[in-house]
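Following: one structure in structure tokens, then a few remarks.
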Amino acid sequence: MTQTANGRGAPPTTRTAPRTGAGRRATRGRATTPTGRGARPRAAAAPTERPWLGQWNSTVTSYYLLVGATSLLTIIGLVMVFSSSAVTEIAAGKSPFGAFAKQAQFVLIGLPVLLVATRVPVAWYKRLAWPALVASVALQLLIFTPLAKNVNGNTNWIDLGAFDVQPSEVAKLALALWLGAVLGRKQRLLGQWRHVLVPAVPVAVLVIGLVLAGHDLGTALVLMALVAGAFFVSGADGRLLALGAGSAAFVVGYVFILNQSGGDRLGRIMATYRECTDTLGECYQSLHGQWALGTGGLTGVGLGASREKWSYLPEAHNDFIFAVIGEELGLLGTLLVLGLFVIVGVATSRIVRRHPDPFVKITTAAIACWIVGQAFINIGVVIGLLPVIGVPLPLVSAGGSALIMTMAALGVLISFARTEPGAAEALAARGSVVRRSLAVVGRAARPRRRTT
């Protein structure tokens with residue numbers, strides 16, 4: 001017994017030796033429990049979210065995944081547009097760098113748009129939702145004016161003289177922001193069908209209907225996927241989603257495929273899912289796309305060595321650029337492109353799961369279904385799983401409006417990733433580390449004065 005200050009005895013205490021590194025490792029991640037007889041063992045502490053990922057599951061993972069995937073896809077697109085278009089440009093008596101230079105100009109226009117979009121606060125996107133929707137609808141209505149331009153049977157272009165604009169690309173981003181604002185504000189009321197339907201469904205039908213009026217079924221299908229993603233994440237009733245999907249499938253199938261006047265959509269569908277008999281007509285493009293993929297093998301024939309791009313494969317630098325990637329870079333190249341779009345999908349799913357703002361969740365889901373869904377539709381067409389629809393591969397195919405608006409949408413997603421819980425603080429801390437490192441390098445590079 002030891003004597004205390006008040007004279008009362010106190011039980012002797014035993015001192016434990018400090019734990020070694022091995023001991024700390026052995027007890028790491030486990031809750032410590034008292035060793036007395038009457039003590040109840042405590043439950044083990046709940047493990048952190050996916051601890052096996054380590055730093056790969058940090059608060060800024062979504063941000064860096066989006067930045068990396070966007071950068072790589074844009075670079076791959078520039079390289080492949082030049083490779084797939086140089087031969088046809090020379091054959092047309094033009095510079096081999098013509099299509100590449102045009103694509104590079106669009107990238108230079110889209111890059112500042114992307115950078116500005118990454119810095120716009122979430123509150124401003126909520127304020128811009130309604131004006132953006134009104135502006136996009138007004139722009140889409142111009143396809144019924146003399147400014148309209150028909151491209152491959154689709155009247156979804158506006159000729160502004162120096163350049164052409166595809167207003168449906170603007171409508172994609174505007175509709176995603178608007179759905180996020182409306183459905184996010186009515187989050188607690190979405191258990192009632194009338195709050196789900198009004199005003200979201202009529203406005204979505206209006207935008208999609210205007211696109212279908214220009215006979216652009218491919219873009220309309222992408223818009224439908226965008227709307228479906230927004231409603232799904234918003235928490236709308238599953239029965240309503242099933243009813244909407246069934247109604248959309250009936251309208252598209254009956255009105256715009258079976259009863260299409262003067263079109264070949266049904267023929268293209270039948271050519272995809274039955275034995276090909278018209279190798280120089282309906283299934284010509286699909287066959288040459290699959291031949292390009294088959295020729296590439298595992299590693300490809302080499303960058304620039306494609307044979308199909310010598311005017312055999314139509315739209316080699318646009319809708320069917322994935323086939324040229326498969327021929328020149330092989331299976332590994334196609335898996336790289338596919339993997340980058342999967343990374344975009346993983347990053348957006350993290351934002352939807354981690355961000356507390358319903359507006360961000362719904363808008364992110366809509367944009368993800370647009371970009372990733374459009375990529376999978378394009379790849380499905382090239383490999384023969386889907387009929388030829390005519391949608392470009394995001395960030396990779398040649399194009400102006402599609403490229404710029406896709407970069408703007410990815411800028412919005414990066415802005416959302418910056419506002420994930422803890423992301424802003426982590427990015428600010430890493431930025432200060434970079435500045436301190438540059439300061440240290442600068443001091444080290446200064447010449448030292450000699451002391452006598």
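Regarding segment 255-265, can at least one residue be identified that is β-branched (Val, Ile, Thr), loosely packed, with under 15 Cβ neighbours inside 10 Å and either touching a residue at least 60 places away in the same chain (Cβ under 8 Å) or part of a helix (DSSP H, G or I) (or both)? Yes: one or more hits. Filtering GLY244, GLY235, GLY218, GLY229 for residues that are in contact (Cβ under 8 Å) with a residue 12 or more places away in the chain and touching a Gly at 6+ places or on another chain (Cβ under 6 Å) leaves a single hit, GLY218.
Selection within segment 89-103: residues that are surrounded by 18 or more Cβ atoms within 10 Å (Cβ to Cβ) and touching a residue at least 60 places away in the same chain (Cβ under 8 Å). The member of this set that is farthest from the chain's Cα centre (by Cα) is ALA99. Do the conditions hold for LEU128, that is, is it in contact (Cβ under 8 Å) with a residue 12 or more places away in the chain, in contact with a helix residue (DSSP H, G or I) (Cβ under 6 Å, 6 or more places away or on another chain), within 27 Å of VAL207 (Cα to Cα) and not acidic (Asp, Glu)? Spelling it out, it is not the case that LEU128 is in contact (Cβ under 8 Å) with a residue 12 or more places away in the chain, in contact with a helix residue (DSSP H, G or I) (Cβ under 6 Å, 6 or more places away or on another chain), within 27 Å of VAL207 (Cα to Cα) and not acidic (Asp, Glu). Of the residues making up segment 388-397, those that are open to solvent by 20 Å² or more (accessible area, probe 1.4 Å) and either in contact with a Cys (Cβ under 6 Å, 6 or more places away or on another chain) or over 17 Å from GLY326 (Cα atoms) (or both) are VAL388, ILE389, GLY390. Considering (1) without any contact (Cβ under 8 Å) to a residue 60 or more places away in the chain; (2) hydrophobic (A, V, I, L, M, F, W, C); (3) surrounded by fewer than 20 Cβ atoms within 10 Å (Cβ to Cβ), the lone condition that TRP310 does not fulfil carries the number (1).
Scoring LEU183 on the criteria (1) under 19 Å from MET224 (Cβ atoms); (2) open to solvent by 40 Å² or more (accessible area, probe 1.4 Å) leaves a single failure, condition (2).
The rows are residues; the columns are (1) within 19 Å of LEU173 (Cα to Cα); (2) not in a helix (DSSP H, G or I).
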position: GLU328; (1), (2): no, no
position: LEU340; (1), (2): no, no
position: VAL344; (1), (2): yes, no
position: ILE371; (1), (2): yes, no
position: PHE376; (1), (2): yes, no
position: PRO387; (1), (2): no, yes
position: LEU410; (1), (2): yes, no
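Considering LEU189, LEU147, LEU141, LEU197, the condition of being among the aliphatic types (A, V, I, L, M), exposed (fewer than 15 other Cβ atoms within 10 Å of the Cβ) and touching a strand residue (DSSP E or B) at 6+ places or on another chain (Cβ under 9 Å) is satisfied by LEU147 alone. For segment 355-384, taking the residues that are small (Gly, Ala, Ser) and touching a helix residue (DSSP H, G or I) at 6+ places or on another chain (Cβ under 8 Å), the one that is modelled with the lowest pLDDT is identified as GLY384. Tally up the residues in segment 150-173 that are in contact with a strand residue (DSSP E or B) (Cβ under 9 Å, 6 or more places away or on another chain) and surrounded by fewer than 16 Cβ atoms within 10 Å (Cβ to Cβ), please. Matching residues across segment 150-173 total 5.
The values are calculated or read from the model by the stated rules, or taken from the named source; none is laboratory data. In this text the structure is predicted, and so the values were computed from the model without any measurement. All Cβ positions, glycine included, derive from the backbone under ideal geometry; neighbour counts span all protein chains shown. For accessibility, only protein heavy atoms count, side chains too; no ligands or nucleic acids. Shrake-Rupley method; radii C 1.70, N 1.55, O 1.52, S 1.80 Å.
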